[in-house]
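Asks: Have a look at this one before I ask anything.
Coordinate-derived values only; no laboratory data. Just so it is clear, the structure is predicted and the values come from calculations on it, not from any experiment. Cβ coordinates were reconstructed from backbone atoms using ideal geometry, including for glycine residues, and neighbour counts include every protein chain displayed.
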Amino acid sequence: MIKVYLLTCLIFLTNWFSAQVNRNEMPKPTAPKTIGFKDSEIFTTKNGIKVILSENHKIPKVSLDLRMGYNPGFEGEKVGLGAIMGDLIMSGTNKRTKDQLDKEVDFIGASLSASSTNVFLSCLTKHLEKGLDLMSDITMNANFPTSEFDRIVNQYESSLLSYKSDADAMAQNALSTVNFPNHPYGETMTPTSLAAIKLEDIKNNFKACFTPKGAYLVIVGDINRAQAEAMIEKYFGKWTGSAPTMPSFENPIINNGNQVYFVNKPGAVQSVIKIAFPISMRNGSKDNLKMNVLNDVFGGGGFGTRLMQNLREDKAYTYGCYSGLNIEDNGGWVSAGGNFRNAVTDSAITQILMEFNRLNAEVITDKEIGLTKAVKAGNFSRSLERSQTVARFAFNIEKYGLPKDYYKTYLQSLDAITPADLQQIAKTYIPTNNFNIIVVGNEEIIEKIKRFDSDGKVTILDEFGHVKK
């Protein structure tokens with residue numbers, strides 16, 4: 001009797017739930033909530049380092065990212081100086097050779113790396129003192145041995161020689177120089193600039209750039225504030241240096257009409273196309289999130305974007321056509337393109353330009369924006385599983401002056417973006433027929449691409465993005 005009663009109840013509940021759910025309609029998402037997470041602790045050391053501490057005691061591990069506060073400027077006749085300096089920092093110190101440094105890092109199972117703008121350490125909590133000894137030694141005492149300098153320079157010489165056979169590298173050089181004339185982002189390394197760099201230049205640049213004043217130290221992991229303060233004082237308290245250089249740069253001027261640039265790659269059976277332009281947007285700009293959503297709809301990734309649906313799925317011109325949004329401290333730019341058969345190079349340019357112009361002319365559909373926002377919300381939520389995320393949030397807020405609740409209300413801000421918002425962003429930042437059109441490929445296509453230039457001409461560039469004489 002009891003079994004019959006339970007079975008009757010189960011059938012009733014099943015029918016009741018089925019009646020409540022319309023399976024022909026997609027469930028409506030709930031309203032996004034404010035994200036709750038513990039704020040990072042922020043304090044400044046006596047010698048000027050701003051420390052951002054995010055405690056996480058779940059695993060016995062600590063990571064430290066020391067980011068220098070200088071703003072890279074023009075390198076002029078010595079383009080590549082910063083890149084070579086970054087490659088050489090881990091080559092040894094006044095106390096340790098490169099081999100000794102590598103062995104000590106391996107012995108404690110740590111990860112220690114450096115670039116022209118930062119030094120990073122990750123290790124178990126029990127090895128933190130040893131790790132900090134190595135990290136501070138690199139930060140303050142890198143000695144740039146002559147043998148390593150010569151080795152790195154030889155590597156760059158070989159790399160520069162290979163550019164003529166690397167269409168993607170040539171396209172990237174061209175994109176930099178045409179988007180950013182008279183700007184550090186427009187400088188590209190050449191054999192001449194590489195030859196002008198001397199070891200003494202590297203040492204002087206390191207001394208000027210690696211200074212505690214204005215630097216950020218982002219700490220994540222199994223350490224509290226008292227421990228952090230004591231260790232920073234012990235290992236970085238004697239670090240000194242002058243205030244770093246902080247040059248500022250104006251945003252590049254948008255073209256007056258389309259301009260076509262060509263880089264010759266003899267025998268190429270396909271063309272690399274990049275259609276690009278600078279934008280007056282930098283890290284911390286109020287429209288960054290909306291511009292990111294717009295780029296994702298346009299061609300930022302996946303097969304559902306406008307560029308992929310048109311040039312791959314509909315026209316079959318390419319395996320992939322994407323757009324990129326790059327926002328940096330000194331400027332931003334947008335680019336779109338891919339690799340295309342010679343026969344459809346001009347047709348591909350036509351379609352990419354048309355898609356850019358559509359962003360201004362047509363309102364993006366609710367379906368497009370809905371899918372994009374769902375993906376971005378999912379990525380954001382998953383990022384909160386990583387302890388480094390909260391510290392990165394605090395760093396961005398501090399450095400770029402974002403609202404204190406920027407990330408706590410991120411999902412609400414994302415959800416509030418409308419198709420009309422995106423069209424306004426497009427009209428604000430995306431020019432109409434004022435693009436830099438870059439093509440790397442066989443010279444047989446030059447005649448086909450002349451018509452895209454507002455003056456009917458093609459500017460020929462070399463492999464480093466400079467006008468060919």
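Asks: Determine, for 50, 404, the number of other Cβ atoms within 10 Å of each Cβ, and report the residues in order from fewest to most.
Replies: Exposure proxy ranking, most exposed first: 404, 50.
Asks: Share of antiparallel DSSP beta bridges in the chain, in percent to the nearest 5?
Replies: 75
Asks: Also: log₁₀ I(q)/I(0) of region 94-150 at q = 0.13, 0.15, 0.21 Å⁻¹, via Debye over equal Cα point scatterers, no solvent, to two decimals?
Replies: -0.32, -0.42, -0.80
Asks: Additional query: Using 0.36 nm times the number of residues separating residue 402 and residue 455, minus their current alpha carbon distance, what extension gain do you get?
Replies: Fully extending the segment from residue 402 to residue 455 adds 14.8 nm.
Asks: Let me ask you something else. Among the DSSP beta bridges whose two residues both lie in region 41-236, what percent are antiparallel, rounded to the nearest 5?
Replies: That works out to approximately 80 percent antiparallel.
Asks: Select from region 290-386 those GluC sites (Glu not before Pro) which occupy a DSSP coil region and have at most 12 other Cβ atoms within 10 Å, ordered by residue number.
Replies: Here the sparse-neighbourhood loop sites are 362, 385.
Asks: Are there trypsin sites (Lys or Arg not before Pro) in region 262-360 that DSSP puts in a loop and that have at most 16 other Cβ atoms within 10 Å, and which ones?
Replies: 282, 286, 315
Asks: Would you work out which of 59, 379, 134 lies farthest towards the positive end of the dipole of the chain, given +1 charges on the beta-carbon of Lys and Arg and -1 on that of Asp and Glu, about the Cα centre?
Replies: 59
Asks: Along the charge dipole of region 259-461, which of 297, 324, 285 sits closest to the positive end, that is, farthest toward it, with unit charges on the beta carbon of Lys, Arg, Asp and Glu (+1, +1, -1, -1)?
Replies: It is 285, whose Cα lies furthest towards the positive end.
Asks: If we count other beta carbons within 10 Å of each Cβ, what is the order of 437, 425, fewest first?
Replies: Placing the least packed residue first, the sequence is 425, 437.
Asks: Only sites in a loop by DSSP and with at most 14 other Cβ atoms within 10 Å count here; which chymotrypsin sites (Phe, Trp or Tyr not before Pro) in region 310-350 make the cut?
Replies: 319
Asks: Below 12 Å, Cα to Cα, which aspartates and glutamates can residue 126 reach? Residues fewer than 8 away in the same chain don't count.
Replies: List returned: 222.
Asks: In addition: What is the chain's relative contact order, in percent, from Cα pairs under 8 angstrom and six or more apart in sequence?
Replies: 23
Asks: Continuing with the same structure: Report, ordered by chain and residue number, the lysines lying within cross-link reach of residue 103, taken as a straight Cα distance under 16 Å and ignoring same-chain residues fewer than 8 apart.
Replies: 95, 130
Asks: Report, as a whole number in µm² per second, the diffusion coefficient that Stokes-Einstein gives for the chain at 37 °C and 0.692 mPa s using the Kirkwood radius over alpha carbon pairs.
Replies: 128
Asks: I want to check a number: in region 327-469, how many lysine pairs have alpha carbons closer than 24 Å, given a sequence separation of 8 or more or different chains?
Replies: Lysine pairs, 8 or more places apart or on different chains, close enough: 17.
Asks: Determine the gain in length on full extension of the stretch residue 309-residue 347; use 0.36 nm per residue of separation and subtract their C-alpha separation, reporting nm with one decimal.
Replies: So the extension gain works out to 12.2 nm.
Asks: Okay, moving on. So for region 134-255, if I pair up every lysine 8 or more residues apart or on another chain, how many of those pairs have alpha-carbons under 27 Å apart?
Replies: The number of close lysine pairs in region 134-255 is 10.
Asks: Where does each of 122, 335, 413, 248 land when they are ranked from fewest to most other beta-carbon atoms within 10 angstrom?
Replies: Ranking 122, 335, 413, 248 by Cβ neighbours within 10 Å, fewest first, gives 248, 413, 122, 335.
Asks: Further question on the same structure: Computed on alpha carbon atoms, what radius of gyration and Dmax characterise region 259-461, expressed in Å?
Replies: 18.6, 55
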